[in-house]
Structure formats: structure tokens, C-alpha cells
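Input: a single structure, listed below in C-alpha cells.
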Amino acid sequence: MNLVMSLVWVLALWFATTAPPWEKSKLIQGRDLYRENCAVCHDIANDKDHPPKFGPSLYHLFKNEKLPLSHGKPSRQYVKVRIQFGGALMPAFRNKLTDAQINTLIDYIESQ
Ligand code: HEC
């Protein structure tokens, strides 16, 4: 095998085993959206170093059996509607965030 072919194999292996760079930047975009829009009211990490926030914690939102407040089964569909339309005490984001941004944000929440 010549050098070029070995290099191709190394690259192919690298792509197959690590998240491609654009995937990572998607999660960073989601994290930034979360920080800009949700972090004032919702925790996403399991940190108790500050007084409880106004909204329920989103820590392990999709890994838990039930949603923190409404106790339904966590689904992307439900979370999307909540982000779009808000709640009694939560603002709606449908005029602020695009559909793509909301999906990126949910990808980030799902990864936490
Ligand atoms: C001004 C504070 C505030 C902001 C900003 C906010 N929320 Fe909320 N959120 C709340 C409150 C309070 C509740 C619970 C009461 C209600 O539904 O209004 C809630 C409820 C939720 C629920 C439902 C939880 C359950 O158990 O059903 C989800 C999911 C959620 N928020 C996600 C988000 C996301 C994602 C963002 C950012 C786009 C966000 N929230 C921004 C205050 C906020």
C-alpha cells in the first residue's frame, strides 16, 4: 500500500470513529441558543450551587422517565411545542427562533 492510500484509510477511520467537526459545532450552536434563551430560567446541569431557577431543571430531560413538571413522557414533539408556544409562566419563542434553531436547541438538550 502506498502512502496516499494509508492516509486515506487513516482519515476514513478517523471520520468513522469521531463525531465530524460540523456535528460538534451544531451542539455548540445549540448550547449558545440555550444560554441566550433558556438559561435564565432553566438549569441543564445538575448543579445546586445557586438558588433554584424560576423554571424546572432540564437536566437529563430526555433521559428521565418523566418530564419534571408535566410528568408526561419526554418527546421532541412536546418540547418543541413548549418552546414555540411557551406556557402560563414561560415566554413563547416561535417569533424569536426559527424552526431550525429550535431543532438545534433540542439536539443540545437531548445531548445533556
Ligand atoms: C422567563 C423564564 C423562562 C424562560 C426564558 C424559558 N422558560 Fe421554560 N418554563 C418556565 C416555567 C416557569 C415553566 C413551567 C411553567 C409553565 O409552563 O409556564 C417552563 C416550562 C418548560 C418546559 C416544560 C417542562 C415540563 O415538565 O413540562 C420545557 C420543556 C421548557 N420550559 C423548556 C424551555 C426552553 C428550551 C427554553 C429556551 C428556549 C425555555 N424553556 C425558556 C420558564 C421559562
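Computed over protein heavy atoms with a 1.4 Å probe, the accessible surface of the range 20-111 works out to 67 Å² per residue.
Of the listed residues MET5, MET90, the order by accessible area with a 1.4 Å probe, largest first, is MET5, MET90. Secondary-structure-derived ellipticity at 222 nm for the chain, considering helices only, amounts to -16000 deg cm²/dmol, per-run term -39500 (n - 2.57) for DSSP H runs with n ≥ 4. Set Lys and Arg Cβ to +1 and Asp and Glu Cβ to -1, take the dipole of the range 44-88 about its Cα centre, and tell me which of ASN46, TYR78, LEU58 lies farthest positive. The one lying farthest along the dipole's positive direction is TYR78. Normalising the average separation of contacting C-alpha pairs (under 8 angstrom, six or more residues apart) by the number of residues puts the relative contact order of the chain at 29 percent. Measuring with a 1.4 angstrom probe and ignoring ligands and nucleic acids, LYS66 comes out at about 120 Å² accessible. Backbone geometry of the range 102-107 corresponds, through the Karplus equation with coefficients 6.51, -1.76 and 1.60 at θ = phi - 60°, to 3J(HN,Hα) couplings of 5, 5, 4, 5, 5, 4 Hz, x marking Gly and Pro. Express the carbon and sulfur contribution to the solvent-accessible surface of the range 6-112 as a percent, rounded to the nearest whole number, probe 1.4 angstrom. Carbon and sulfur: 61 percent of the exposed surface of the range 6-112.
Binning the C-alpha pair distances of the range 20-111 at 5 Å intervals from 0 yields a P(r) profile of 3, 13, 24, 28, 21, 9, 3, 0 %, listed from the shortest bin outward.
The values are calculated or read from the model by the stated rules, or taken from the named source; none is laboratory data. This one's a predicted model, so the numbers in the text were calculated from it and none came from an experiment. In this analysis, Cβ positions are derived from the backbone assuming ideal geometry, glycine residues included, and neighbour counts consider all displayed protein chains. Keep in mind that these areas ignore ligands, DNA and RNA; they rest on the heavy atoms of the full protein, side chains included. Shrake-Rupley method; radii C 1.70, N 1.55, O 1.52, S 1.80 Å.
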